[in-house]
Structures are given as structure tokens and as C-alpha cells.
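Reading through the C-alpha cells given below for one structure.
The values are calculated or read from the model by the stated rules, or taken from the named source; none is laboratory data. Keep in mind it's a predicted model, so treat the numbers as computed, not measured. Positions of Cβ are generated from backbone atoms using ideal geometry, with glycine treated the same way; all protein chains shown enter the neighbour counts.
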There are 2 protein chains.
Amino acid sequence: MEIAVRYRSFEGEVRRVRHASEACGCDMVFGIYLPPQAADGPVPVLYWLSGLTCTDENFMQKAGAQRLAAELGIAIVCPDTSPRGTELPGEHDSYDLGSGAGFYVNATEAPWSAHYRMYDYVTAELPALVEAEFPVTGKPGISGHSMGGHGALVCHLRNPGRYASVSAFAPICHPSECAWGQKAFTAYLGEARENWKDYDAALLIGEANDPVPILVDQGSDDEFLGDQLKPGALEQACIASHYPLELRMQDGYDHSYYFIASFIGDHLRHHARGFGLI
Amino acid sequence: MEIAVRYRSFEGEVRRVRHASEACGCDMVFGIYLPPQAADGPVPVLYWLSGLTCTDENFMQKAGAQRLAAELGIAIVCPDTSPRGTELPGEHDSYDLGSGAGFYVNATEAPWSAHYRMYDYVTAELPALVEAEFPVTGKPGISGHSMGGHGALVCHLRNPGRYASVSAFAPICHPSECAWGQKAFTAYLGEARENWKDYDAALLIGEANDPVPILVDQGSDDEFLGDQLKPGALEQACIASHYPLELRMQDGYDHSYYFIASFIGDHLRHHARGFGLI
């Protein structure tokens with residue numbers, strides 16, 4: 001593990017960390033924000049999963065989360081969105097498959113299965129590394145945006161008891177039934193749709209047995225709302241299963257980090273409640 | 001004037017605006033944040049001048065300023081850092097001269113003098129356009145970072161009575177005596193150093209006759225501190241002239257937007273006091 005760079009931020013520190021990943025079979029870089037309280041002992045940690053085309057840096061640079069994280073005493077970890085430097089055939093040809101588009105699944109299909117094991121990376125390998133190397137407590141929160149919102153929901157729903165708190169911004173709620181999800185799942189998981197349901201939040205809700213309340217914000221002017229994100233499918237599944245979901249439609253907001261920044265404070269407070277900080 | 005894109009942000013709106021610039025002889029793009037209060041009538045406006053390599057977007061995306069600007073009721077205007085699309089010889093060859101590096105001067109030397117008139121643009125043409133087209137009041141504040149901190153100080157010092165409030169992050173305080181400034185001023189203004197002093201804050205302080213208090217934050221771990229920024233020269237000039245300067249050395253901070261984001265709240269409150277809002 002190598003700390004590639006450090007930035008002082010709100011009396012805490014943003015670090016970019018490079019390490020060899022066993023799950024992905026390549027070097028991976030993640031970002032971590034340590035609030036000032038981390039100097040005095042372990043603090044709760046929030047995992048943030050980013051969307052298509054993002055890296056470990058977008059959230060740290062654009063969400064404006066550090067101010068309140070420093071006030072509340074929450075660490076934030078931002079993994080990258082795919083393996084890097086693996087140079088698989090076609091890996092860089094489109095924005096919604098391959099590099100920058102790992103979809104937080106364990107790929108079973110060639111050529112992706114050699115490296116694209118982002119589910120194991122974000123749920124197992126990365127938390128083990130973070131807990132071993134940084135002053136964080138053991139029951140994290142998880143959130144994310146778009147593809148990363150899908151990832152956050154799936155990570156929670158498949159790991160009951162693991163997360164103290166869950167939220168998402170404009171998540172891809174039902175990837176089996178949208179173009180982004182179908183393209184990625186076909187490539188990574190194969191054409192058999194029964195292998196997709198382990199990575200589809202709207203389908204997993206029915207089996208959920210850890211009813212941690214989920215907060216979702218969705219912009220009403222998000223260009224991907226109807227075709228790709230389908231929050232209604234998540235809402236219907238939650239209603240049918242009596243799963244506690246707060247879905248907030250935010251009038252006039254789009255899919256950008258300007259939207260995320262506008263509501264990240266509410267999400268950090270949601271996670272702080274999950275951590276028992278407030 | 002054309003609004004190229006709009007983003008809802010903290011119940012206000014970020015807009016990117018394209019217009020034909022007479023000062024620069026080309027199309028220019030600027031960003032403007034209108035807080036929710038602008039829907040009810042004119043609000044004070046803060047001009048933010050960015051640093052080398054930046055565009056109109058860096059501050060809006062990375063500084064995290066909109067949250068408090070929305071709370072205080074302050075509009076923010078972010079001009080670009082140079083003319084664009086003019087394709088002068090050598091314009092794109094280095095990060096510290098030409099595109100992205102206008103230094104907020106009116107160039108007198110060929111080939112730059114045909115377009116590089118950023119001083120007129122940010123002090124006259126852009127404010128006139130903004131005041132005509134948006135609900136803002138007439139006495140703005142001005143701030144900026146690095147090259148843009150230099151620009152903010154110079155714009156204020158050369159225009160007594162114009163600005164309600166002034167601040168800077170890690171400004172180039174004495175460009176006549178650093179490599180960045182000497183390279184840019186030689187190219188834009190010629191080799192005669194007597195033509196440089198109109199654009200050097202440390203030299204202009206002695207003639208200042210509008211003692212608006214200046215707030216400057218400077219990171220102690222800024223890699224450009226000693227060689228390029230020289231806050232000590234500004235401090236000495238202010239002491240000699242009894243000019244009110246608050247220079248804060250911020251321990252461990254660097255030159256990045258993580259530094260700016262950490263202290264932008266203090267600067268917005270400084271400007272709010274200048275505007276009489278708080």
C-alpha cells in the first residue's frame with residue numbers, strides 16, 4: 001500500500017492510496033478522507049461508490065462532503081469504478097462498459113472475469129484493507145451515485161447486518177430492465193438473466209432481511225430518470241416488501257455533482273444517525 | 001448572450017453563459033451562480049478569478065461555495081482565465097502563458113494584444129453585461145486564487161471605490177519578482193519593467209486610496225509559496241502603507257481546491273460583511 005498524495009482538507013486529510021488488488025488482479029487507487037477526529041481514535045467510515053466514467057477523485061473534488069464529514073467525524077472512502085491498466089479487448093471503447101464502468105459485479109464472462117471483480121473488491125478486499133490500515137470502526141455506511149447508487153443498494157441488500165446505513169443519489173434501481181444494465185450484465189454475467197438478479201436492487205428488495213432505512217434522492221430533471229434509473233421500480237418493490245425507503249424527488253435537479261453537492265449534507269446526517277453519532 | 005447550460009444547485013442555479021466579447025475579440029464563456037434570493041430581486045455579486053490552467057468551471061465544481069452563497073444570498077461570477085479559440089502562435093504551448101494564463105492584463109505586445117485584454121474584460125465588459133442581464137447589485141466583491149488572486153488584488157487596487165470587498169487565496173503577490181509573472185509580463189507587456197507595475201499588487205499597495213480590508217489565506221505547504229507567491233512582499237507593502245491586510249498562514253494546506261474549499265466559507269462571510277449582509 002502506497003499513499004500517492006495527501007491534501008489537507010478541513011483540518012483532516014484526503015489521501016489517494018495505491019495498492020495491489022487480489023480481487024481485480026491489478027493495482028487499484030482509492031481515495032480516503034480522514035476527518036480531524038481520526039487523529040484521536042477510530043471513526044465510522046462511509047463508502048462512496050461513483051458512477052459511470054468517474055474515478056476515485058470525482059466525489060472528493062466535487063461533492064463538498066468534507067466540511068460536514070469533518071464536523072460529524074466521518075471518514076469517507078471512494079474506490080475507483082473499475083479495474084485499470086488491464087487492457088482487455090474493447091475495454092476502453094465505450095463509456096458504459098469496461099473501464100470506468102465496472103458496475104460493482106463479479107464478472108463471470110471472458111474477457112472480463114479475469115479482472116472485473118468489483119463486488120468482491122468493494123465489499124471484502126477494500127474494507128479489510130481500510131480497517132487494517134486506517135483508524136475506522138467496523139460497521140460502515142454505504143452510498144453512491146447512479147451506477148454507484150446501484151452498487152450501494154446491492155452491497156447492502158446482499159450483506160444483511162454489514163452496513164450501519166445506506167443511501168443513494170439517482171441510483172440505477174432496476175438494471176435488468178434498462179439499457180445500461182442490460183449491456184453491462186450481458187457482457188459481465190452472460191445472457192442468462194437468472195444470473196442478473198443478484199445485482200438488481202429492485203429484485204433483491206423482496207428477499208431483504210436487514211431493514212436499514214434507505215434514503216434516495218432523485219432529481220426530477222435528470223435526463224436518465226425514465227429510461228435508465230427507474231426509481232419507481234425500487235419504490236414499488238419496497239412498498240410490496242414493507243421495506244423502509246425514503247425516496248425524495250428533488251424538483252429541477254439533474255444528474256450532475258451540482259445535484260449531489262446540494263443534498264450530500266442530508267445524506268451525511270442520515271449516515272451519522274445510522275452510526276449513532278447524532 | 002446565450003445560456004449554454006443550467007444546473008440546479010442549492011435551490012439556486014449555476015449557468016454557463018457564452019457571449020461575444022469586444023474586449024477579447026472572441027467568444028467568451030463565464031459561469032454564474034444565482035442564489036435562490038435572486039428570484040426576489042437583486043443580490044450582491046462576487047467575482048471569482050481563477051488560476052493558471054483553470055476555466056470558468058473549476059471554482060463552481062470544486063470550491064463548495066454554493067451552499068453558503070445560497071444561505072447568504074450572494075451571486076458568484078466566474079470568468080474564464082484567457083481568451084479562447086484565437087489560435088495565436090504558441091498560445092497553447094505552455095501552461096503559464098497564453099490559453100488558461102491571461103494574467104488579467106491588457107496585453108500591449110504582439111501577438112497577444114489582439115485578444116489578451118482580460119483586465120478590461122473582467123473590470124468593465126463582464127460586469128456591465130452581468131449587471132444588465134442578471135439581478136445583481138452594482139458594487140461587487142472580488143476574489144481569486146493564485147494568478148486569479150493577483151487579478152483580484154490588482155482589479156481592486158486600480159479601481160478605488162469599485163469593490164465592496166476583496167480577498168484572495170494564495171495570490172501571486174509580486175509578479176514582477178517571480179518566474180510566472182516575469183514570463184507573462186515580458187510576453188504580454190514587453191521588457192520595460194515600468195509597464196509592469198500597474199499589474200503588481202505589492203507595488204500598487206503604496207498608492208492605494210480605498211482601504212477596503214483584504215483577507216488572504218495562504219497554505220504553509222503550498223509548493224509555490226516561496227518562489228512564486230511571495231505573500232511576504234504584500235505583507236511588507238501593507239505594513240509600510242498602513243493598508244489593512246489579514247494574511248492567514250494555514251498550516252499544512254497546499255495550492256489545491258481542497259485548500260480553497262476548506263476556507264471559502266470564511267471568505268464568503270468576509271464578502272457578506274463587505275456587502276452589509278451580516
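Look at B:PRO244 and say whether it is modelled with pLDDT under 95 and either within 14 Å of chain A (Cβ to nearest Cβ) or surrounded by fewer than 20 Cβ atoms within 10 Å (Cβ to Cβ) (or both). So B:PRO244 does not fit the description; no. Residue count for segment B:232-272, restricted to those that are among the charged types (D, E, K, R), within 17 Å of B:HIS156 (Cα to Cα) and touching a residue at least 60 places away in the same chain (Cβ under 8 Å): 0. Among the residues of segment B:5-25, which ones are surrounded by fewer than 22 Cβ atoms within 10 Å (Cβ to Cβ), within 14 Å of another protein chain (Cβ to nearest Cβ) and part of a strand (DSSP E or B)? Selection gives B:VAL5, B:ARG6, B:ARG8, B:GLU13, B:ARG15, B:ARG16.
The residue list A:GLY85, A:GLY64, A:GLY51 contains one member that is on the phi > 0 side of the Ramachandran plot, small (Gly, Ala, Ser) and in contact with a helix residue (DSSP H, G or I) (Cβ under 7 Å, 6 or more places away or on another chain), which is A:GLY64. Entry remark, segment B:247-270: residues being acidic (Asp, Glu) and at the interface with another protein chain (Cβ under 7 Å from one of its Cβ atoms) number 1 in total. For first residues located in segment B:209-224 and among the polar types (S, T, N, Q), partners that are crowded, with 20+ Cβ neighbours inside 10 Å and lie 6+ apart or on another chain with Cβ distances below 8 Å form the pairs B:GLN218/B:PHE169; B:GLN218/B:ALA170; B:GLN218/B:LEU229; B:GLN218/B:PRO231; B:SER220/B:TYR253.
State all residues of segment B:247-262 that are out of contact with any Lys or Arg (no Cβ under 7 Å at 6 or more places or on another chain), surrounded by fewer than 18 Cβ atoms within 10 Å (Cβ to Cβ) and either part of a helix (DSSP H, G or I) or of a type outside the set (Asp, Glu) (or both); if no residue qualifies, say none. Selection gives B:LEU247, B:ARG248, B:MET249.
Examine segment A:263-273 for a residue that is outside any helix (DSSP H, G or I), small (Gly, Ala, Ser) and at pLDDT 95 or above, and state whether such a residue exists. No, because not a single residue in segment A:263-273 is outside any helix (DSSP H, G or I), small (Gly, Ala, Ser) and at pLDDT 95 or above. I'd like to know if segment B:18-41 contains one or more residues that are closer than 23 Å to B:HIS267 by Cβ and of a type in the set (Phe, Trp, Tyr). Among the residues of segment B:18-41, at least one is closer than 23 Å to B:HIS267 by Cβ and of a type in the set (Phe, Trp, Tyr), which makes the answer yes. If you filter segment B:91-108 down to residues that are outside any loop (DSSP other than H, G, I, E, B) and not hydrophobic (A, V, I, L, M, F, W, C), you find that the one that is surrounded by the most Cβ atoms within 10 Å (Cβ to Cβ) is B:GLY98. Checking the structure you have, find out if any residue of segment A:75-94 is within 14 Å of chain B (Cβ to nearest Cβ), under 27 Å from B:GLU57 (Cα atoms) and under 15 Å from the mean Cα position of the chain (by Cα). The answer is yes; a qualifying residue exists. Of all residues in segment A:64-90, exactly one satisfies the criterion of being at pLDDT 95 or above, under 27 Å from A:LYS183 (Cβ atoms) and among the small types (Gly, Ala, Ser), namely A:SER82.
Count of segment B:30-60 residues, restricted to those that are farther than 21 Å from B:HIS150 by Cα, under 18 Å from the mean Cα position of the chain (by Cα) and either away from chain A (no Cβ under 14 Å) or surrounded by fewer than 16 Cβ atoms within 10 Å (Cβ to Cβ) (or both), is 1.
Every test in (1) surrounded by fewer than 24 Cβ atoms within 10 Å (Cβ to Cβ); (2) without any contact (Cβ under 8 Å) to a residue 60 or more places away in the chain is passed by A:THR86 save one, and that test is (2).
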